[in-house]
Structures are given as C-alpha cells and as structure tokens.
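Participant: The following block contains the structure, expressed as structure tokens.
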Ligand SMILES: [Zn+2]
C-alpha cells in the first residue's frame, strides 16, 4: 500500500495496467497497491490529465479479479447495506477518509475544479465500491471504513494472486 509520493512507475507497470484496463494507460503517476505477485492492483493517475480533464480518482482499482469481485458485491446490493453503516463512528471515519483522499490528491496537484470532491460517494454516500476499495488498498486498513468492510466481504483477497499471465510475448490475451 502506498500513498503519495510514489516510486517511479516502470514501463512494465504501464504496460500491465494497459492490459488490465484494455486501453492505453495514460498519465500514470504511481502504483498505489500491488498484488502479491507484484502486478498493479491500484493505479494512480494525474489529478489533471494531459488533455486538461480533471480526474478525481487518484486510487483506481485496475486488477481484473479485484474489480470483478467488487462488481459482484455491488450486484449483491452491498452499497445500500454499507451506506446504512454511515452513522456514528463509521460516519466520522468516512468523513476523515474523504479528507485524507483529497489531501493525498492535493499533495500531487491542486485542481480547483475538484475542490471538495473525493471519490466513491464520500463523505456521505456509497456510490462506487471500486473507488472505496481502491482507497483502502492504497491507504491500508483503518483509513476508509467502508472500503475496508467491502474488501473483507469480497471474494478477492490482496494476499492471493489471481492474475492472468501478463508476460510480454506480443499478443495480449485475457
Ligand atoms: Zn498477481
């Protein structure tokens, strides 16, 4: 798990993220979390893309097995179940997670259009578990309570590699 500043991104990291996303990964500034095998799990992108577009999601879940597992949670109706937890201490922790997320991003670049905007529905709603799990994987347990619980409920685990073969042999399959 890693929050900014990030280590330099390798060409191989960008290649694998591009395979994971199914499109060329651009404006990558860091790998915020990795699979036990080393493949990227969470990619960090410039808060303002090269074409000028503001991009709020600095912790983007890119690992195919992880994203599929989180999509299953959403399909199972976990978002309203988790939103129902946003009271008392968990609600306060979620607000703090929102502030931490923006603080991490502002540490890279302050984009005025993104003022007060984090990701995933924070600080008061649950709108995208991918964004929240991405934050938990980047920041580590104890920062984003909803992302942490979603990760616990997911069939995917960051401790078990379920990666396809990303070897650089020309044709990309998967
Ligand atoms: Zn792996």
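Participant: Provide the FRET efficiency to the nearest 0.05 for the residue 15-residue 113 pair, computing r from the beta carbons and using R0 = 30 Å.
Facilitator: Taking R0 as 30 Å, the efficiency between residue 15 and residue 113 is 0.50.
Participant: Order these peptides, 42-52, 140-150, by their mean beta-carbon neighbour count within 10 angstrom, highest first.
Facilitator: Details: 42-52: 18.1, 140-150: 21.1.
So the peptides 42-52, 140-150, ranked by packing, come out 140-150, 42-52.
Participant: Take peptides 115-126, 66-77 and line them up by average Cβ neighbours within 10 Å, highest first, as a rough protection proxy.
Facilitator: Working: 115-126: 18.2, 66-77: 16.7.
Highest to lowest by the protection proxy: 115-126, 66-77.
Participant: Given the DSSP H assignment, sum -39500 (n - 2.57) over each helix run of at least 4 residues in the chain and divide by its residue total; what's the result at 222 nm in deg cm²/dmol, nearest 500? Let's see the in-between values first.
Facilitator: Values: 6 runs with 70 residues, N = 174.
It lands at -12500 deg cm²/dmol.
No lab work stands behind these numbers, since they all come straight from the coordinates. Computed from a predicted model, the values in this text were never measured in an experiment. Please note: Cβ atoms are built from the backbone with ideal geometry, for glycine as well, and neighbour counts cover all protein chains shown.
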